[in-house]
Each structure stands twice: as structure tokens, then as C-alpha cells.
Amino acid sequence: MGGRAGPVNQQTGLSKTVQVTMTPRYEGLSHCKVALAFAVSMDLLGVTALLLGVFAPLEIKGRDFGDFLVYSGALLVLMSLGGWVMWYSGNIEGLTTRKELGYIGTAVDQLARTLSRRMTKRSPRGP
């Protein structure tokens, strides 16, 4: 980042230099809290179901339900992967928007904006 020369001191003939540095502000887990909560809860439920299916003898009326818990636990863990990807991609800093890049909107973008505005007008919780 650059410095800025200040006024020249008349007695010494030297100018003051002010150094300005901008440090990125790290906000931790503040972005995409819903995706984080989804990912963690699916991980906990999936691992719990997986371990119960493997180690607990689950028989009801002579039928074994261990395989069901193993497969459903694996699917829950797989679903949590989507939550982790959403959380991680939502926390990426420094991406430029299309507007900053000089992006010109297409018909699809205009249609999406129009539909979005109509949906927010109809919803009771709109602005």
C-alpha cells in the first residue's frame, strides 16, 4: 500500500510520511451460518447412525435394521458434504462482482431479476 507525503516542515525541510496499511478483517464463522449448522448436524446424525448400525444389535421382530442405519448414515454424511462446500464457498473473500468487472446483463439475468422481484413482492416477509 502506499504512503502519502505530508506538509513540509519549514525548519528542517523534511516532509512527514504517513504509512497507511489495510489489514483484512477476519470475521471467522460469521458467513453462511446456516450452511455450517446444516453440515455439522448432518455429520453428527450420519456418524451416529453409522456407528449404531455397525456396533448395536438392532433387531425388531426378528429383522435386522443395522444395514439400514449404515446406509442412511453414509447418505447423511454425503449430504453434509454439500453443506461444507456451500459454507466454504460462502466464506471466500475478495471475489469481484460481475458489476465491478463491467459485466453486461443478459436476458436470462434480467428475467431472473424480474422473477425475484415479483416473488419478494408476493411474500409476506418482503421488504
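The values are calculated or read from the model by the stated rules, or taken from the named source; none is laboratory data. Computed from a predicted model, the values in this text were never measured in an experiment. FYI the Cβ positions are ideal-geometry reconstructions off the backbone, even for glycines, and counts take in every protein chain you see.
Got a sec? Which of L14, L36, L45, L58 is more than 23 Å from the chain's Cα centre (by Cα) and modelled with pLDDT of 80 or more?
L58
So A74 ticks every box in (1) over 24 Å from the mean Cα position of the chain (by Cα); (2) modelled with pLDDT of 85 or more; (3) aliphatic (A, V, I, L, M) but one. Which box is left unticked?
(1)
Let me confirm something: among G105, G83, which residue is at pLDDT 80 or above and either in a helix (DSSP H, G or I) or not aromatic (F, W, Y) (or both)?
Exactly one of G105, G83 is at pLDDT 80 or above and either in a helix (DSSP H, G or I) or not aromatic (F, W, Y) (or both), namely G83.
So which residues in segment 58-73 are surrounded by 14 or more Cβ atoms within 10 Å (Cβ to Cβ) and part of a helix (DSSP H, G or I), if there are any at all?
G66, L69, V70, S72, G73
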